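*Asks:* This structure is in structure tokens; I'll ask about it shortly.
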């Protein structure tokens, strides 16, 4: 057996005799199981509830009686955001974003009914999820288990004895690291088993599962290197523990709280009310799409008359009110998309601002990777809203087209006549199907985070190696 493995074996024996290590591992495993079961149960119930409400909403929309197509457009429709199976592992921003989208003519609504707004204060201060356990608690356990790995040898005087017996300081440090990495693997094992079960059952893609496993492997490797490096720097275990605890508090607790506030101050977002006031002001300036005589649509009317070669809208082969509705919806949708894109771009800038601090706290990189792989990041939420808006636009324009082609202008302007078309027309509209990003797109989105974590590991690896050589020279 090589010297490195022998050192690792002896370190493992020491860990097994250490009640902190044994009890900490047991408690962390129990927490992981509880977090996994509760998160999965919550995700399953929420997914079933959303699917049930979506089916009910689809049925109610299709069950409308024969009526005017524009009344159908104003009746509206509900969309419920489907849940990714990996959201049980890392819910990301899901608790803070809306789950329900109401579609109607002449308006682009935002998603509503986020979990945080409807839940207790406990949810607002954080959920016990597998991601939280690995991101916050696992590094803390590694610190308590490995803080005295190298410093204990210096403090007790056994380091000099080992060096005089032919064990190099590099072999000692690597052996301690191998032992701590084995302990890290034990911490990660329950999460790996749970993620693999999701992929085996077909609930999640293997690419995303492997991405999550790889990301958290890098995270625990990073902390193992940090613990061994600090332990080799300090003369006493007590100093090593204090230094590591200070680093953990700064990297895992303080910076993730401060930096988002800094991003919000540096890149301010308009409030929802400010945004709605601006949109409404510009929307009213577009003209009234319900009134075919609105002066704002005079140029459009002349264009249509010229296109069909007539001089009066009554002579058009199509219903001019339906055409005005289509033109008004096109112009208003462009306005809505402009404001929506601007808001999402500002949020993307805030995310970029936060990601820049990954060089100070690798937790930012890990969170970005974890949410991206779990489909619970801002990009996936934006994808849902944009696909929902496209579905709304196609639905409303389809109804406007029915008004233009199935009803005459004379009948449509006659208030004494009830203009209805068959309900089979809106029953023919397709149901909404959300299309998540492909695995390749997700992997591309996670490359930067992987690069940051890898950079941290390389830097800590080099520093640990240099310190191990310095350690041997200092003892001699």
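*Asks:* Taking only DSSP H segments of four or more residues, each worth -39500 (n - 2.57), what value at 222 nm results for the chain once the sum is divided by all its residues, to the nearest 500 deg cm²/dmol? Let's see the in-between values first.
*Replies:* Values: 20 runs with 328 residues, N = 476.
Helix contribution divided over all residues of the chain: -23000 deg cm²/dmol.
*Asks:* Given the alpha-carbon gyration tensor of segment 411-476, what are the semi-axes of its equivalent ellipsoid in whole angstrom, ordered largest first, with each equal to the square root of 5 times an eigenvalue?
*Replies:* Over the Cα atoms of segment 411-476, the semi-axes work out to 73, 12, 7 Å.
*Asks:* Right, another one. Sorting 133, 167 on the 10 Å Cβ count, fewest up front, what's the list?
*Replies:* Fewest-to-most Cβ neighbours within 10 Å comes out as 167, 133.
*Asks:* So, one more: Return the equivalent ellipsoid semi-axes of the chain as a descending list in whole Å, where each equals the square root of 5 times an eigenvalue of the C-alpha gyration tensor.
*Replies:* Details: eigenvalues 776, 96, 54 Å².
So the equivalent ellipsoid measures 62, 22, 16 Å along its semi-axes.
*Asks:* Next up: Going highest first, how would you order 274-282, 241-249 by mean Cβ packing within 10 Å? Please report the intermediate quantities before stating the final value.
*Replies:* Numbers: 274-282: 13.1, 241-249: 16.2.
Packing proxy ranking, top to bottom: 241-249, 274-282.
*Asks:* Specify whether the C-alpha gyration tensor of segment 332-384 places it in the rounded, prolate or oblate class, a ≥ b ≥ c being the square roots of the eigenvalues: rounded for a/c under 1.5, otherwise prolate if a/b is larger than b/c and oblate if not.
*Replies:* oblate
*Asks:* Here is a follow-up. Does anyone have the angle between helix 378-406 and the longest principal axis of the chain? Alpha-carbon axes, 0 to 90°, nearest 10?
*Replies:* Around 10 degrees separate the two axes.
*Asks:* Next up: Order of 206, 12, 219 from fewest to most other C-beta atoms within 10 Å?
*Replies:* In increasing order of surrounding Cβ atoms, one gets 206, 12, 219.
*Asks:* Further question: What is the spin-label model distance, in nm, from residue 463 to residue 348 if the labels are put 7 Å beyond Cα along the C-beta direction?
*Replies:* In this crude spin-label approximation the distance works out to 3.4 nm.
*Asks:* Here's another thing I want to ask about it. For the chain, find the longest principal axis of its Cα atoms and tell me its angle to the long axis of helix 19-62, 0 to 90°, nearest 10.
*Replies:* 10
*Asks:* Okay, moving on. Compute the long axis of helix 439-475 from its Cα atoms, compare it with the longest principal axis of the Cα atoms of the chain, and write down the angle in degrees, 0 to 90, nearest 10.
*Replies:* Result, in degrees: 20.
*Asks:* Next question, about the same structure. Roughly how many whole Å is it from the C-alpha centroid of segment 204-277 to that of segment 1-53?
*Replies:* So the separation of the two Cα centres works out to 19 Å.
*Asks:* Relative contact order, percent, of segment 129-230 when contacts are C-alpha pairs under 8 Å separated by at least 6 residues?
*Replies:* Working: 53 pairs, mean separation 46.7, N = 102.
With pairs under 8 Å counted, the relative contact order is 46 percent.
*Asks:* Something else: Take 399, 250 and order them by how many other Cβ atoms sit within 10 Å, fewest up front.
*Replies:* Fewest to most other Cβ atoms nearby, the residues stand as 250, 399.
The numbers here are math on the coordinates, done by the rules we state, and not lab data. Here the structure is a predicted model, which is why all the values come from computation and not from measurement. All Cβ positions, glycine included, derive from the backbone under ideal geometry; neighbour counts span all protein chains shown.
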